[in-house]
Amino acid sequence: MRSPTRISSPQPSYPHGGSPGVHYRNPYEELGELADPYDPVDPLGLGLTSDDDDDADLGGRRDKPAASGSGDDGEQWSPPNHRRSSRRRRGRFRAVPRTAKALIGLVVLALLLVLADRCAVMYAERKAEQELQKKLDLATAPNVTIHGFPFLTQVLGKDLQQVDIVVPDVAADRVSLAEVRAQAQDIRIMGDLPSSFRGATVSRMKGDVLLSFEDLSRELGASQVRFRALGPSSVRADGKLPVAGQQVSLHAQAHIRRQGDRGISTSVTDMRLDIPGIATYRPGPEPRPGLYLHKKAAKQISEDSEKAQALLSIPSVAEKLGVPPAEAGQALNDERKLDEITGSPRFVPALLAVNLVQAANDHPQLARKLGIDPTVAAALARMKVPELTKKLELSFQLPEKAKGIRLANIGVSPEGIRADLTGAELKFGKTR
């Protein structure tokens, strides 16, 4: 007979293999005990204490009483106050000494006064430029610079220390003055600047005027003649001149001198017109006016039998060459005699001294054999010195409206003709 089966009741299971009656703690509580206790004074755990300086007061204010149940030290943590730094900045500005604040204010005021003074100067300069252009009838407005500081005190005193004026392109007779510079000193003003300016009196004035070679070449030479400095008081002119349909070279010298105390005049000397490679025409009154062969052309004639015989066939020319009529006639038919005459060391110098104007006019065939166009030779002979000189006239006079201004120390520079300007007690506008 089978024995009865024992039925056992289920046994309770315990964590970690424990047994009944044993109390097990929550593992999270154990981890919490391992951490440092929370300190309201040092909530971030930085190791600060209540006795630290103000730098420790990063997490709250200690001067506020702690609420009940806030912690062991009786203090309560509060969020940081970010507006404290702005109060500190305002406090720093209040700490600036009053003397420093006054100094800063004076500097700012001085800058504003300087700015106002400079603005007044620029306005007055523009008004002066407009008035000068209108009064002197200038094509271009001048450039006016008022010196001295402060300007406003000079205006109140109606006495300017110095004013510089640069006037470009001033018409003066047939030419234009490239630039006029003037420095006016001790200017007494009539009226109130800048609104009611009536006139002024300049105690002293000095400056200079330039007549540029570039303007002279354009206005007088019509782009065919060029002027350049030759010496301290001389100008060289070189270019082309149309004569009877042919271009001849023009060369001359112009000597500069003062005409009175308001003008400049020139005297033209050593003028010559060259037929390229053949002959030069010198208009009178020159030491040797007339038409003369170039040395190279004379030497070629001495070596050319046909041209030499053409010269000796004209008695007046042969006589000027120092060849007796009998020898000249013999040379026309005897090559040996011709070589003897033309090979003489006296022949070429004598030929260079012969004025061919009359021979070219009376014997056109001779002129052609020598390479000279008879029409051009005749046109050159008709040219008069005044007509040629007028083409190179560099003279000018100061404008009538520039009263009281005088010219001095005239000279020639690489840029052109220069002259100094002087003046005293110059009156502009209404001075009464």
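The values are calculated or read from the model by the stated rules, or taken from the named source; none is laboratory data. No experiment lies behind these values; they were computed from the predicted model shown. Virtual Cβ from ideal backbone geometry, glycine too; neighbours counted across all protein chains shown.
Numbers at a glance
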{"quantity": "Residue pairs meeting the criteria (Cβ under 8 Å; at least 6 apart or on separate chains; first on the phi > 0 side of the Ramachandran plot, in segment 142-153; second crowded, with 19+ Cβ neighbours inside 10 Å and not in a loop (DSSP other than H, G, I, E, B))", "calculated": "Gly148/Gln154; Gly148/Leu160"}
{"quantity": "Some residue of segment 169-180 being under 30 Å from Leu115 (Cα atoms), touching a Ser or Thr at 6+ places or on another chain (Cβ under 6 Å) and not in a loop (DSSP other than H, G, I, E, B)", "calculated": "no"}
{"quantity": "Candidate set: segment 241-276, residues that are outside any strand (DSSP E or B) and of a type in the set (D, E, K, R); chosen: the one nearest to Phe396 (Cα to Cα)", "calculated": "Arg262"}
{"quantity": "Residue within segment 114-136 that is outside any helix (DSSP H, G or I), of a type in the set (A, V, I, L, M, F, W, C) and on the phi < 0 side of the Ramachandran plot present", "calculated": "yes"}
{"quantity": "Identity of the residue in segment 277-305, assigned to a helix (DSSP H, G or I) and not hydrophobic (A, V, I, L, M, F, W, C), that ends up surrounded by the most Cβ atoms within 10 Å (Cβ to Cβ)", "calculated": "Ser302"}
{"quantity": "Residue count, segment 374-401 (criterion: among the β-branched types (Val, Ile, Thr) and either surrounded by fewer than 16 Cβ atoms within 10 Å (Cβ to Cβ) or in contact with a Cys (Cβ under 9 Å, 6 or more places away or on another chain) (or both))", "calculated": "2"}
{"quantity": "Residue list for segment 404-426, restricted to those being of a type in the set (Lys, Arg) and in the same structural domain as Ile189 (by TED's automatic domain parsing)", "calculated": "Arg406"}
{"quantity": "Out of Asp238, Asp215, sole residue that is modelled with pLDDT under 90, touching a Ser or Thr at 6+ places or on another chain (Cβ under 8 Å) and under 21 Å from Ser395 (Cα atoms)", "calculated": "Asp215"}
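To keep it simple, each residue is scored yes or no on (1) under 46 Å from the mean Cα position of the chain (by Cα); (2) more than 15 Å from Ala359 (Cα to Cα).
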site: Val268; (1), (2): yes, yes
site: Ile275; (1), (2): yes, yes
site: Pro285; (1), (2): yes, yes
site: Pro289; (1), (2): no, no
site: Lys295; (1), (2): no, yes
site: Gln300; (1), (2): no, yes
site: Glu319; (1), (2): no, no
site: Pro324; (1), (2): no, yes
site: Glu327; (1), (2): no, yes
